[in-house]
Amino acid sequence: MLIGLQNVTFEFGSRVIVEDATWHINPGERIGLVGYNGTGKSTLLKVLVGEYTPSVGTVEKGKGTTIGYLHQDLLSFDTNDTIVEVAMGAFERVRELEQEIELLGKQLENDSENEKLLIDYTDKLHEMDVLDGYNIQYKTEEVLHGLGFSNDDIHKPYKEFSGGWRMRVLLTKMILQAPDVLLLDEPTNHLDLPSIEWLEKYLLTYKGSVVIVSHDKFFQNRMVNKIVEIYQQQLHIYSGNYEYYEVEKEQRVEIQQRAFENQQEYIRQQERFIERLKAKASKAAQAQSIVKRLDRLERIEDVQIERPNIRINFQVDKQPGKVIVTVKELTKKFGTKTIVENAVAEIERGDKIALIGANGKGKSTVLRILAGVETYEGERVWGHNVDASFYAQHQLEALTLSNTLLDEMKECRSGKTELELRSLLGGFLFGGDDVDKKIKVLSGGEKARVALAKVIASKSNFLLLDEPTNHLDMHSVELLADALSKYGGSYILVSHDRYFISKAANKIWEIVDNEIKEFKGGYTEYLAFKERLAKQEAGNKGGKTKVDNSPVAPPNTKTTINTTVNKDTKNNSYSNNNNVKFELIKLQKQLAKLEDEMAKLNQDKHRIEAEMGKPDVYKDKSKLHLLESEYVEVKRRIDTATKPYEEVFEKIMALEAELDGAS
């Protein structure tokens, strides 16, 4: 164990964060710490590092364990040093050795026969070699480049950079320190997509353990091999990535709900039995015995998943024409830096576009140009009947801090009554007296919900959304993506949340070589296309494959291939048919075997369910837990067996169709 909690209870003011929690972080683990907003994820990290002391229990730490902790409070740090110097602060011992070696070298120039100096000098050189100290500049620059800094950037003063870029520098320093445990609180918040992908690859090979708090579901799913969930002041541990956790949690809830219902039925039966016995004086002692047995029964809790369900329902007041907006010869420069030059693009009704790319490419600038709040050269033409609403990345800062929530909503001039506005705020978890709170007292997540509520109140048919998922938890991101998929209007959005993009976009825009390039398809198809292109380019460099630069056909486009059946093909048709029949026989045998396996697994499942349905099981807690574990395992095995069964079945259908076509 590197670090952990042992029977810890911690209260933040009057609110309990965790109660009697035990959690050990072991070498090689990559853990996702999850929970709804406000459950105390960041607070728990502070308990782990000793910033907060638990009221009950202990925080245990292995001897010599080193911890790196990345959190938002680090942004208070400031210095005139260049960012490469700040990042190289990770190598404190190497820096000390450099000075010691330089001093010893000067002393040896004047006293070259001093054996003690010579031994000391040699030892220092050896230590420097062991620490790979001669490569620290290269290592530092490599990580800085991976996190998005250019060669020019790394020699600029740290204080010249904004908060997001400063966080990248501090993340670089922490990575280079290579602690035994990395605690990362929202590390992707300040990263663009290329930097997130680089960080993923780095952390996947990181030798230490990593604990990550992140609302980026895609990042969590690729990164972690264990999930620790804070729920109802308890820590619930799942062995697997985020996708596994979602499935496993649903199964646990299902099992507990069934157990609760079975126990309730047992209790009702016993209570009816008691009532009948009480009617007979001779049976009073027996009735009392059953009452005592029921009192001693350890009650199973009802399963009610408590989560903050915001209600998002985008409405459209009027329908626009076919074209939403067109830009022609669009040019935007900041000094000598060109964002776009003579760019051409068009958004049509029904388009749901994700504008992606690295930081600094101008995504937010293009969004502001479309919204009409940024100067530009060229032409921007709105279509007929377009009513736009802009959710800016800094929308939270645009809220009037002295306003109450209700006053802020009234400024939308949506035409809604006060009762309607209160109802809308209620959908965003602001009920009762909450609407009279001042904006200035709200958290970042609460301000984000107010800003989103203002966009919805507008009933616009075209939305421009700049990082709308910032400050939202995973569940709220899911709800927002679902609401946008049902939205009857059009939109263009900027987001670094890949899961959100994959759910929300049917087109991808990317700024490449100062032009706006469009990909007609979702994010998953776009990634597959980029991967194919990268392989083609790699093959071309090796002299193996020519790069295919032809346009990409949009999804579901039919491609006609002209074929000519030559003599050789005809002569081989019988041979091919025999091969197909042989393969079909093999697959049918394989399918029969898989069917037997599935039947046995389902029998096991029904047997376990029958056992769990027996009231007596709940008197034996260890037996109940054993059955629950068996149930989860057999469900997992059924899920695992289903995929190859379906694959073999589809292959059989395809081969049978092929034989039918050949006959």
Contact list, first residue from region 483-501 and over 19 Å from Glu518 (Cα atoms) and assigned by TED's automatic domain parsing to the domain that holds Leu452, second anywhere and in a loop (DSSP other than H, G, I, E, B) and aromatic (Phe, Trp, Tyr), beta-carbon distance below 9 Å, six or more apart or interchain, is Ala483/Phe314; Leu484/Phe314; Lys486/Phe314; Tyr487/Phe314; Gly488/Phe314; Gly489/Phe314
Is it the case, given these coordinates, that Asp497 is crowded, with 22+ Cβ neighbours inside 10 Å, touching a helix residue (DSSP H, G or I) at 6+ places or on another chain (Cβ under 7 Å) and of a type outside the set (Lys, Arg)?
yes
Within region 420-444, residues being part of a helix (DSSP H, G or I) and surrounded by fewer than 14 Cβ atoms within 10 Å (Cβ to Cβ) number 8
Taking the stated definitions as given, is Ser402 in a strand (DSSP E or B) and either touching a Ser or Thr at 6+ places or on another chain (Cβ under 6 Å) or of a type in the set (Ser, Thr, Tyr) (or both)? no
Does at least one position in region 48-57 carry a residue that is under 19 Å from Pro179 (Cα atoms), crowded, with 18+ Cβ neighbours inside 10 Å and out of contact with any strand residue (DSSP E or B) (no Cβ under 8 Å at 6 or more places or on another chain)? no
By residue number, the members of region 5-19 that are without any contact (Cβ under 8 Å) to a residue 60 or more places away in the chain, surrounded by fewer than 20 Cβ atoms within 10 Å (Cβ to Cβ) and part of a strand (DSSP E or B) are Gln6, Asn7, Thr9, Glu11, Phe12, Arg15
Q) Has region 276-292 got any residue that is in contact with a Phe, Trp or Tyr (Cβ under 9 Å, 6 or more places away or on another chain) and outside any strand (DSSP E or B)? A) yes
All conditions in (1) modelled with pLDDT of 90 or more; (2) in contact with a helix residue (DSSP H, G or I) (Cβ under 6 Å, 6 or more places away or on another chain); (3) closer than 18 Å to Gly89 by Cα; (4) not polar (S, T, N, Q) are true of Leu183 except (3)
Going by what's in this entry, would Glu301 be described as surrounded by 14 or more Cβ atoms within 10 Å (Cβ to Cβ) and either in contact with a helix residue (DSSP H, G or I) (Cβ under 7 Å, 6 or more places away or on another chain) or among the acidic types (Asp, Glu) (or both)? no
Restricting region 169-212 to residues that are in contact (Cβ under 8 Å) with a residue 60 or more places away in the chain and among the polar types (S, T, N, Q), the one nearest to Tyr138 (Cα to Cα) turns out to be Thr172
Gly372 fails exactly one of (1) in contact (Cβ under 8 Å) with a residue 40 or more places away in the chain; (2) under 25 Å from Lys328 (Cβ atoms); (3) surrounded by fewer than 17 Cβ atoms within 10 Å (Cβ to Cβ), namely (1)
Within region 232-271, restricting to residues that are among the hydrophobic types (A, V, I, L, M, F, W, C) and touching a helix residue (DSSP H, G or I) at 6+ places or on another chain (Cβ under 7 Å), the one that is farthest from Val47 (Cα to Cα) is Ile267
Flagged pairs (Cβ under 6 angstrom, 6 or more apart or on separate chains; first in region 247-276, under 14 Å from His236 (Cβ atoms); second surrounded by 15 or more Cβ atoms within 10 Å (Cβ to Cβ) and modelled with pLDDT of 85 or more) are Glu248/Tyr238
Flagged in region 132-164 as without any contact (Cβ under 8 Å) to a residue 40 or more places away in the chain and either over 19 Å from Leu191 (Cα atoms) or of a type outside the set (Gly, Ala, Ser) (or both), in numbering order, are Asp132, Tyr134, Asn135, Tyr138, Lys139, Glu142, His145, Asn151, Asp152, Glu160
Given the conditions (1) modelled with pLDDT of 85 or more; (2) assigned to a helix (DSSP H, G or I); (3) under 23 Å from Gly362 (Cβ atoms), every one holds for Ser485 apart from (3)
Output for Cβ contacts, cut-off 7 Å, separation at least six or different chains, first residue farther than 17 Å from Val224 by Cβ and assigned by TED's automatic domain parsing to the domain that holds Val8 in region 28-50, second surrounded by fewer than 21 Cβ atoms within 10 Å (Cβ to Cβ) and of a type in the set (S, T, N, Q), reads none
Among Phe260, Phe273, the single one that is in a helix (DSSP H, G or I), among the aromatic types (Phe, Trp, Tyr), outside the structural domain of Glu611 (by TED's automatic domain parsing) and within 17 Å of Glu628 (Cβ to Cβ) is Phe260
Listed by first then second residue, the pairs whose first member lies in region 608-636 and is at negative phi, whose partner is at pLDDT 70 or above and aromatic (Phe, Trp, Tyr), with beta carbons under 6 Å and at least 6 positions apart or on separate chains, are Ile608/Tyr631; Pro615/Tyr266
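The values are calculated or read from the model by the stated rules, or taken from the named source; none is laboratory data. Note that the coordinates shown come from a computational prediction; the quantities given were computed from them, not determined experimentally. FYI the Cβ positions are ideal-geometry reconstructions off the backbone, even for glycines, and counts take in every protein chain you see.
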